[in-house]
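**Q** Below is a structure I'd like to ask you about.
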Amino acid sequence: MTNAVPTPHITWVPIPDGSDFPITNLPYGIFCVKEARHPDGDGGRRRIGVAIGDQILDLSAVAARGLIDEPSQMLRGESLNEFLGAGRPEWDRVRARISELLAEQSHRGAVEKMLVPQSDARMCLPFEVADYVDFYASIDHAQNVGALFRPDSPALPANWRHLPIGYHGRAGTVVVSGTDVLRPSGQRKSAEAQAPSYGPSQRLDIEAEVGFVVGTPSDMGSRVGIADLADHVFGVVLLNDWSARDIQAWEYVPLGPFLGKSFATTISPWVVPLSALDAARLAGPAQDPPPLPYLQRVEDWGLDLDIEVKCNGTVVSRPPFASMYWTADQQLAHLTVNGASLRTGDLFASGTVSGPEPGQRGSFLELSWAGSQPFALDDGTSRSFLEDGDTVTLRASAPGPDGTRIGFGSCTGTILPAQPD
């Protein structure tokens, strides 16, 4: 009698109801164990782990015991970068083996001791960020911002429907969820003022986004084709592109965002593999006019992600990622069409996710309509922009295989007062 093949959503690990991390997800992250609670006694060391229910499977321990074959100890490092650079065949092989270890009862005795409660873990930045690029891919967001920033001009720039607009951000200030964010200071100039002034931002904002993590690099001078997203992108994170709107508004003409955005970008600690999102894929919105041939979609890389934005515990927005005009395959193709190379650990972000309804706007700028329409929180206060002490949390979920639902964990940051001069 042979062992029955486990169904894709069954695991011997107890999964709490509503967990972001069923066995159909298996996202990767970097953790260390609080107070040296790790069974090997060296809990302070950063380790690669996979989330399953409310626990973490320590892949460093699994690999050290020979339960997963790993060329060059790629699962025993302190960041995901070596594993990310191994490429799609290795990603798929390791994912299949982890699924097997967590699904088949015959492995339980050996593997269960390598599970660490998430409550005992501290999450770290999951990968070393090489370059960071942020796009501007939501037509609803772009139209709203255009109406607010350029009321006397067309809401969309002339190029917006022809290419995915983006800017290069600062990789060194990408931080993991749970990292506090200092209110930035800089130059700002109101419409009424005759000259700029310096001081803490008075219009500090969020941008609810989705980030794509590059694994396989490309050579300088080559192009990544529209059909090659899955060969290069390992997975997906939630991303908050914190934005100082007053600093941004004064500086961004003519070269675009700079100090108004470079002070901090927060990402979720778990990288959801692209393979876990197959059931969430859908066709992107119709594009008019049709883009140039190198940007014409050949696969469905829209994603049916439901995003939730909370401020101090109040849900203030539910942006739908499915409505994004430019999809990740188009963004990657455009990013490299001039021969710019990819590096392992590159991060490119979708841009603010906003839908057509007021409750689907992915920034406070839009939710408060530049401060003219403050929105209420459950504690009786209202907000136009962020105040010191405010905590913003992004969460998201997506359809998974066999009717399951998968999540991304939380992407959280709390605003601290500006550093005194």
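The values are calculated or read from the model by the stated rules, or taken from the named source; none is laboratory data. Bear in mind the structure is a predicted one, so any value in this text is a computation, not a measurement. Cβ sites come from the backbone with ideal geometry, for glycine too, and all protein chains shown count toward neighbours.
**Q** Filter the range 283-336 for residues that are of a type in the set (D, E, K, R) and more than 24 Å from V214 (Cα to Cα) and give the result. Walk me through it before giving the result.
**A** Looking only at the range 283-336, we keep the residues that are of a type in the set (D, E, K, R), and these are 288, 297, 299-300, 304, 306, 308, 310, 318, 329.
If the condition is that a residue be of a type in the set (D, E, K, R) and more than 24 Å from V214 (Cα to Cα), then D288, E308, K310, R318 are the ones that fit.
**Q** Another question, then. Being crowded, with 16+ Cβ neighbours inside 10 Å and either in contact with a Phe, Trp or Tyr (Cβ under 8 Å, 6 or more places away or on another chain) or of a type outside the set (G, A, S) (or both): is that true of G169 here? Give the steps one after another, and end with the answer.
**A** Details: crowded, with 16+ Cβ neighbours inside 10 Å: yes; either in contact with a Phe, Trp or Tyr (Cβ under 8 Å, 6 or more places away or on another chain) or of a type outside the set (G, A, S) (or both): yes.
Against the criterion (crowded, with 16+ Cβ neighbours inside 10 Å and either in contact with a Phe, Trp or Tyr (Cβ under 8 Å, 6 or more places away or on another chain) or of a type outside the set (G, A, S) (or both)), G169 qualifies.
**Q** Can you name the residue in the range 355-408 that is touching a Pro at 6+ places or on another chain (Cβ under 6 Å) and assigned to a loop (DSSP other than H, G, I, E, B) and is also modelled with the lowest pLDDT among such residues?
**A** Step by step, filter the range 355-408, then rank; the result is T404.
**Q** Residue pairs, Cβ under 8 Å, 6 or more apart or interchain, first in the range 401-421 and assigned by TED's automatic domain parsing to the domain that holds D278 and on the phi > 0 side of the Ramachandran plot, second crowded, with 16+ Cβ neighbours inside 10 Å and hydroxyl-bearing (S, T, Y). List them.
**A** D402/T24; G409/S177; G409/S268
**Q** Another question, if that's okay. Quickly run through the range 221-238 and pick out the residues that are out of contact with any Cys (no Cβ under 7 Å at 6 or more places or on another chain) and more than 14 Å from A333 (Cα to Cα). Even if it seems obvious, please write down each step before you answer.
**A** If we filter the range 221-238 for residues that are out of contact with any Cys (no Cβ under 7 Å at 6 or more places or on another chain), which is where we start, we get 221-237.
Once the filter is applied, which keeps residues that are out of contact with any Cys (no Cβ under 7 Å at 6 or more places or on another chain) and more than 14 Å from A333 (Cα to Cα), the range 221-238 yields F234, G235, V236, V237.
**Q** Another question, if that's okay. What strands (runs of 3 or more DSSP E), lying completely within the range 165-222, carry at least 1 residues that are modelled with pLDDT of 95 or more and under 21 Å from F149 (Cα atoms)? Give the steps one after another, and end with the answer.
**A** Working: elements: 166-168, 174-176, 185-188, 197-200, 208-214.
Output list reads 166-168, 185-188, 197-200, 208-214.
**Q** Select from the range 146-160 the residues that are surrounded by 14 or more Cβ atoms within 10 Å (Cβ to Cβ) and under 25 Å from L347 (Cβ atoms) and list them in ascending order. Explain how you work it out, then say what you get.
**A** Restricting attention to the range 146-160, the residues satisfying the condition of being surrounded by 14 or more Cβ atoms within 10 Å (Cβ to Cβ) are 146-149, 155-157, 160.
Those that are surrounded by 14 or more Cβ atoms within 10 Å (Cβ to Cβ) and under 25 Å from L347 (Cβ atoms): P157, W160.
The rows are residues; the columns are (1) out of contact with any helix residue (DSSP H, G or I) (no Cβ under 6 Å at 6 or more places or on another chain); (2) modelled with pLDDT of 95 or more; (3) in a loop (DSSP other than H, G, I, E, B); (4) closer than 27 Å to R188 by Cβ.
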| position | (1), (2), (3), (4) |
| --- | --- |
| A249 | yes, no, no, yes |
| G260 | no, yes, yes, yes |
| A279 | no, yes, no, no |
| P290 | yes, yes, yes, no |
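**Q** Can you pull out every residue in the range 208-247 that is within 25 Å of I406 (Cα to Cα) and among the β-branched types (V, I, T)?
**A** V210, V213, V214, T216, V233, V236, V237
**Q** Further question: Please identify the pairs in which a residue from the range 55-71 that is in contact (Cβ under 8 Å) with a residue 12 or more places away in the chain and of a type outside the set (A, V, I, L, M) has its Cβ atom under 7 Å from the Cβ atom of a residue that is buried (at least 16 other Cβ atoms within 10 Å of the Cβ) and not in a strand (DSSP E or B), counting only partners at least 6 apart or on another chain.
**A** Within 7 Å, the pairs are Q55/V13; Q55/Q118; D58/M114; S60/L75; S60/R76; E70/A63.
**Q** What is the number of the single condition among (1) surrounded by 15 or more Cβ atoms within 10 Å (Cβ to Cβ); (2) under 27 Å from V176 (Cβ atoms); (3) in contact (Cβ under 8 Å) with a residue 60 or more places away in the chain that E90 does not meet?
**A** Condition (3) is where E90 drops out.
**Q** Hydrophobic (A, V, I, L, M, F, W, C) and under 21 Å from the mean Cα position of the chain (by Cα): which single residue out of F375, F364, F385 fits that description? Even if it seems obvious, please write down each step before you answer.
**A** Working: F375 fails: under 21 Å from the mean Cα position of the chain (by Cα); F385 fails: under 21 Å from the mean Cα position of the chain (by Cα).
Selected residue: F364, the only one of F375, F364, F385 that is hydrophobic (A, V, I, L, M, F, W, C) and under 21 Å from the mean Cα position of the chain (by Cα).
**Q** Can you tell me which residue among G225, G256 is modelled with pLDDT under 95 and surrounded by fewer than 24 Cβ atoms within 10 Å (Cβ to Cβ)? Give the derivation first.
**A** Details: G225 fails: modelled with pLDDT under 95.
From the options G225, G256, the qualifying one is G256.
**Q** Also, I was wondering about something else. Got a sec? Which of S185, S218 is over 20 Å from the mean Cα position of the chain (by Cα), within 16 Å of A418 (Cα to Cα) and in contact (Cβ under 8 Å) with a residue 60 or more places away in the chain?
**A** Values: S218 fails: within 16 Å of A418 (Cα to Cα).
Result: S185 is the single residue among S185, S218 that is over 20 Å from the mean Cα position of the chain (by Cα), within 16 Å of A418 (Cα to Cα) and in contact (Cβ under 8 Å) with a residue 60 or more places away in the chain.
**Q** May I ask you to verify whether T336 is buried (at least 24 other Cβ atoms within 10 Å of the Cβ) and β-branched (V, I, T)? If you could, list the steps in order and put the result at the bottom.
**A** On the way: buried (at least 24 other Cβ atoms within 10 Å of the Cβ): no; β-branched (V, I, T): yes.
It is false that T336 is buried (at least 24 other Cβ atoms within 10 Å of the Cβ) and β-branched (V, I, T).
**Q** Among the residues in the range 221-241, are any touching an Asp or Glu at 6+ places or on another chain (Cβ under 8 Å), assigned by TED's automatic domain parsing to the domain that holds E387, closer than 28 Å to C124 by Cβ and small (G, A, S)?
**A** Looking through the range 221-241, none of the residues is touching an Asp or Glu at 6+ places or on another chain (Cβ under 8 Å), assigned by TED's automatic domain parsing to the domain that holds E387, closer than 28 Å to C124 by Cβ and small (G, A, S).
**Q** Which of the residues spanning the range 313-336 are under 19 Å from S410 (Cβ atoms) and among the β-branched types (V, I, T)?
**A** T314, V315, V316
**Q** Taking only the range 117-141 into account, find how many residues are over 29 Å from T352 (Cα atoms) and surrounded by fewer than 21 Cβ atoms within 10 Å (Cβ to Cβ). Give the derivation first.
**A** Looking only at the range 117-141, we keep the residues that are over 29 Å from T352 (Cα atoms), and these are 117-121.
Filter once more, keeping what is surrounded by fewer than 21 Cβ atoms within 10 Å (Cβ to Cβ): 117-120.
The number of residues fulfilling the criteria is 4.
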